[in-house]
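A quick write-up on the structure given underneath.
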Amino acid sequence: MRVPLIAGNWKMYKTLAEAVAFARALKEAAAGFKGVEAAVCPPFAALAAVAGELKGSSVAVGAQDVFWEAEGAYTGEISPAMLVDAGCSYVIAGHSERRQYFQETDENVNRKVKAALLHGLVPIICVGELLQEREAGITEKVVQSQTGAALAGLKPEQVAGLVIAYEPVWAIGTGRTATEADAQQVIAFIRTLVRDSFGDVAAYGVRIQYGGSVKPENAAGLMSQPDIDGALVGGASLKVDSFAGIIKACG
Ligand code: PGA
């Protein structure tokens, strides 16, 4: 059975002191987490400190982005090996905010995914349609092309171990959640895409999260859907109570 993953994407929030205090409190709460995996994705500057605090707990650490080169003259960038060194086991690739504000392309997401896997990081690959794409009835087409591009060239056993986050862009930070049925439908579609290209083992193994205004109040309903394997949480992951509430609702 797939173990659901609840990952908190802190985006560009929290000082070092705030991040460490959060990690300390979450570590205590984590003793009560059952049947679910939890991870936090702090900004780069807080990764090592948060990983240090969470050492010995069941909560994993992820980064919000990565560059695909191993090292070199790439001012401002962070390599996969540096993330591993800082204590990360996950890395988000292709978040819609990276696509929207930082010219992230499908090709670059694919490079990042391959580089992450090469270094033993588990990528959390974000896909999802814009509001106008949903209204135009092309959600599946958009998600198909993003997923296909992100997974291009991977082996089935690599796909089986990774995480995909379906995040309709219109639901991110807006308080507007996809209905349980809509989220399940698109996520089941993504699993079918994986099955068609990589086979049953990959489709059975790959964890597909929902993301977009997930809160303690709507988490259990979303997670009760057969194909939804956790959540990528933004705003509600910034407070220990609400993040722990979501994790407990999913266990
Ligand atoms: P949200 O963000 O939970 O604040 O909608 C989700 C995300 O961006 O991953």
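The values are calculated or read from the model by the stated rules, or taken from the named source; none is laboratory data. Keep in mind the model is a prediction, meaning the values are calculated, not measured. All Cβ positions, glycine included, derive from the backbone under ideal geometry; neighbour counts span all protein chains shown.
Checking each residue of the stretch 52-72 against the condition of being under 19 Å from the mean Cα position of the chain (by Cα), free of Cβ contacts under 8 Å to residues at least 60 places away in the same chain and part of a helix (DSSP H, G or I) gives at least one match. Can you tell me which residue within the stretch 186-216, out of those that are farther than 17 Å from residue 124 by Cβ and within 13 Å of the ligand (Cβ to nearest atom), is surrounded by the most Cβ atoms within 10 Å (Cβ to Cβ)? Across the stretch 186-216, the extreme among qualifying residues is 213. Yes or no: residue 47 of a type outside the set (D, E, K, R), in contact with a strand residue (DSSP E or B) (Cβ under 8 Å, 6 or more places away or on another chain) and more than 21 Å from residue 208 (Cβ to Cβ)? Here the answer is yes, as residue 47 does meet what is asked. The set of residues in the stretch 1-24 being assigned to a helix (DSSP H, G or I) and buried (at least 16 other Cβ atoms within 10 Å of the Cβ) consists of 19, 20, 22, 23. The residues listed here are 219, 181, 202; of these, the one that is more than 29 Å from residue 135 (Cα to Cα) and more than 15 Å from the chain's Cα centre (by Cα) is 202.
Residue pairs whose Cβ atoms lie under 6 Å apart, separated by 6 or more positions or on different chains, with the first residue in the stretch 174-197 and at pLDDT below 95 and among the hydroxyl-bearing types (Ser, Thr, Tyr) and the second in a helix (DSSP H, G or I) and buried (at least 18 other Cβ atoms within 10 Å of the Cβ), are 177/171; 177/218. Among the residues here, residue 232 qualifies as within 15 Å of the chain's Cα centre (by Cα), at pLDDT 95 or above and either within 16 Å of the ligand (Cβ to nearest atom) or closer than 30 Å to residue 26 by Cβ (or both). Selection of first residues in the stretch 4-33 that are under 24 Å from residue 229 (Cα atoms) and of second residues that are of a type in the set (D, E, K, R) and at pLDDT 95 or above, restricted to Cβ pairs under 6 Å at least 6 apart or on distinct chains, gives the following pairs, ordered by first then second residue: 4/229; 5/37; 5/207; 23/53.
Number of residues in the stretch 100-136 that are of a type in the set (D, E, K, R) and free of Cβ contacts under 8 Å to residues at least 12 places away in the same chain: the value is 3. Of the helices (runs of 4 or more DSSP H) that lie entirely inside the stretch 78-175, those containing 1 or more residues that are away from the ligand (no atom under 16 Å from the Cβ) span 80-85, 106-118, 131-135, 139-151, 156-160.
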